[in-house]
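Trainee: Below: one structure in structure tokens.
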Amino acid sequence: GMERSAPPRYGRRRFWDALYRREGAETREWLGGLSRFLPQLEPELRPGDRILVLGCGNSALSHDLHELGYTDVTSIDFSAACIAAMRARYARCPGLRWAVMDIRALAFPDASFDVVLEKGTLDVLLVEETDPWHVSPRAAAAMRRVLAEVSRVLRPGGCFISITFAQPHFRKPHYAQEAFGWSLRHAACGDGDAGAFHYFLYAMRKGQPLDPRDAALGRRL
């Protein structure tokens, strides 16, 4: 028949555990490797930064950061199979720490990171939304809960970096909430090809004021 098959259940732990067990140590990059957005990312990072990577999956991102000299990297994922595989793969890198954790309830003290980084992880919270112009209250609340946790674990002056295909029109309202106490800016990333599919890096700096126009976007949500 012509009926559409259901999308993979990206929000379900079982789906991810099965995927990571099947793929084992193979890396999977959902939004391209680090080189594609390094020019936009590096200005936000300092060598001694305590970095938290949300929903690391089996991406090489954490290890790539470590190789570039950012040696204090904690990576979390809600799939135990994923974290076990990553811990084994990078056993020779003691600076890389791995933990099974839900991004909606981070088991870290307040102000414990200089940088929180996510690449395509928050997209999973919206994957079952059918209309990007009208986000369901459930999805908006899930996003708000995660962002509140991110803000909590960031030190004052710290930075939250989100890399996603989501265009500013759709994503900025989620991030531009005064309750999180951060500023917001974004930059397009990509290979420089005119026809290439671009994605965006959003940078939120805790303790800096939100632009009034962004705050107005946030109030529309």
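Every number here is computed from the coordinates shown, using simple stated rules; none is lab data. If you're wondering where the values come from, they're calculated on a predicted model, not measured in any experiment. Virtual Cβ from ideal backbone geometry, glycine too; neighbours counted across all protein chains shown.
Trainee: What is the sum of charges, Lys and Arg at +1 and Asp and Glu at -1, for the other residues whose Cβ falls under 14 Å from the Cβ of residue 50? Don't jump to the answer; show the numbers that get you there.
Mentor: Working: positive: 46, 97, 155, 206; negative: 44, 49, 72, 110, 114.
Here the count lands on -1.
Trainee: Order 163-175, 122-134 from most to least packed using the mean count of other Cβ atoms within 10 Å.
Mentor: In descending order of packing, they fall as 163-175, 122-134.
Trainee: Please state the shape class of the range 25-112: rounded when a/c is under 1.5, otherwise prolate if a/b exceeds b/c and oblate if not, all from the C-alpha gyration tensor. Working shown, then result.
Mentor: Values: a/c = 1.44, a/b = 1.13, b/c = 1.27.
Since a/c stays below 1.5, the shape of the range 25-112 is classed as rounded.
Trainee: Report the FRET efficiency, 1/(1 + (r/R0)^6), for residue 110 and residue 42, where r is their Cβ-Cβ distance and R0 is 35 Å, rounded to 0.05.
Mentor: About 0.85, to the nearest 0.05.
Trainee: So how much slack lies between residue 87 and residue 155, counting 0.36 nm per residue of separation and subtracting their Cα-Cα distance, in nm?
Mentor: The span from residue 87 to residue 155 would gain 21.8 nm if fully extended.
Trainee: If one puts a single equal scatterer on every Cα of the range 57-204 and applies the Debye formula without solvent, what log₁₀ I(q)/I(0) results at q = 0.10, 0.11, 0.14 Å⁻¹?
Mentor: -0.38, -0.46, -0.75
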